[in-house]
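Okay, structure first, notes after.
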Amino acid sequence: MPFDLLSTVETGGCSAKIPPRALEELLKDFPVPSDPRILVDISSHDDAGVYKINDETALVFTTDFFPPMVSDGYEFGLVAATNSISDVYAMGGTPLVALNIMMFPSASIPMEVYRDILRGGNDKAREAGVSIIGGHTIDDYPPKYGLAVIGTVHPGRIITNGGLRAGDELILTKPLGTGIILAGHRLKMTSPGQLDAAVSAMKQLNREGAVLMQKYGVCGATDITGFGLAGHVLKMARASGVTVLIDLKQAPLLDGVYDLAEQGCIPGAAFRNLDYTEGETRFAGDIDYSLKMIAHDAQTSGGLLMAAAPEKVPDLLRELRSSGHPEAAVIGKAVNREEVALVLA
């Protein structure tokens, strides 16, 4: 019988992140290096760091890893690699090379599972045009896997979470709800089709979105992962000096997510993310509670959230939908800064 990786964890994927409030408190006095070649550093809490090599090329650096969120080792490798590579796409970059990061308890899990995880990561990296050229493993329980990735971007075409401008409309490329679906699966509340759809979304590269962001001159974007839609939008609004209005009724959802939330299947990470956002968020008086919590659900390998000028949105949306993101949708807009950074309705 195949080894079930879910038997090793209580929380997997991006739900395993340290709560955002605790992380910001930890990093607030962290020294930031002073070097004119560093174009994006830790101070903006962006998706990746960027280092200028010359007038034509900058390097995009990122790393990500987490415990399993699925039972099968190969699928875990596929999702973890997709998630790790996504941060390069979120910056508008092209990923090139990567290193494996693996923590694996060799005495308690069959080594075939180790091989399956690496095989999944390698296959997804090849799909993305990324060469895995090494890595590092330590013996540790529970298992964790991810990549350190290097890509390139033109120094004048970096897309950051601080690039939103008042008037921009926000497009989300993947449906929300992976955290809730995964929790529902563990509680035997989902159908096989609902789980399959969530895993399929997590395995989908954000490559086409990155290409189209460059084509349409997008300046502000992020990918939606462990801090949930609301947490990542709040970071974008802060960094950009704007207020973002999100209409949750327009957000695409995975099949079954709303019903699970209505039944109370809301993971703890969603409440930690809500604790982070609520001090700088205005909630509409008639906001749907389930949608409010879905907006805070920790996503694993989520979609891109990109801000585009209104006149470019119809063509950008059409191309996104025809290139593998049929559920891409406009879910909000940026306006001049108000008394709060985020408005959810």
Residues located in segment 236-258, provided they are polar (S, T, N, Q), closer than 14 Å to residue 338 by Cα and under 20 Å from the mean Cα position of the chain (by Cα): 240
Criterion (buried (at least 24 other Cβ atoms within 10 Å of the Cβ) and over 30 Å from residue 54 (Cβ atoms)) met by exactly one of 167, 193, 179, 209: 179
First in segment 14-34 and without any contact (Cβ under 8 Å) to a residue 24 or more places away in the chain, second anywhere and among the polar types (S, T, N, Q), Cβ under 8 Å, 6 or more apart: 32/43
Residue within segment 74-84 that is closer than 27 Å to residue 236 by Cα and assigned to a loop (DSSP other than H, G, I, E, B) present: no
Scan of segment 114-131 for residues that are surrounded by fewer than 20 Cβ atoms within 10 Å (Cβ to Cβ) and not basic (Lys, Arg), ordered by number: 114, 122, 123, 127, 129, 131
Condition met for residue 215 (assigned by TED's automatic domain parsing to the domain that holds residue 325, surrounded by 23 or more Cβ atoms within 10 Å (Cβ to Cβ) and of a type in the set (Lys, Arg)): no
Some residue of segment 100-107 being of a type in the set (S, T, N, Q), in contact (Cβ under 8 Å) with a residue 24 or more places away in the chain, out of contact with any Leu (no Cβ under 6 Å at 6 or more places or on another chain) and buried (at least 24 other Cβ atoms within 10 Å of the Cβ): yes
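For segment 33-48, name all the residues that are touching a helix residue (DSSP H, G or I) at 6+ places or on another chain (Cβ under 8 Å), of a type outside the set (D, E, K, R) and either buried (at least 20 other Cβ atoms within 10 Å of the Cβ) or over 21 Å from residue 233 (Cα atoms) (or both).
Result: 39, 48.
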Single match in 146, 129, 121, 77 (criterion: of a type outside the set (A, V, I, L, M, F, W, C), over 22 Å from residue 14 (Cα atoms) and at pLDDT 95 or above): 129
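If a residue counts only when it is modelled with pLDDT of 95 or more and within 29 Å of residue 23 (Cα to Cα), which helices (runs of 4 or more DSSP H) contained entirely in segment 235-345 have at least 1 such residues?
By residue number, 257-262, 268-277, 289-294.
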Extreme residue, farthest from residue 306 (Cα to Cα), among residues of segment 47-73 that are assigned to a loop (DSSP other than H, G, I, E, B) and among the aliphatic types (A, V, I, L, M): 70
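The values are calculated or read from the model by the stated rules, or taken from the named source; none is laboratory data. Keep in mind that what you see is a predicted model, and the values were worked out from it rather than measured. In this analysis, Cβ positions are derived from the backbone assuming ideal geometry, glycine residues included, and neighbour counts consider all displayed protein chains.
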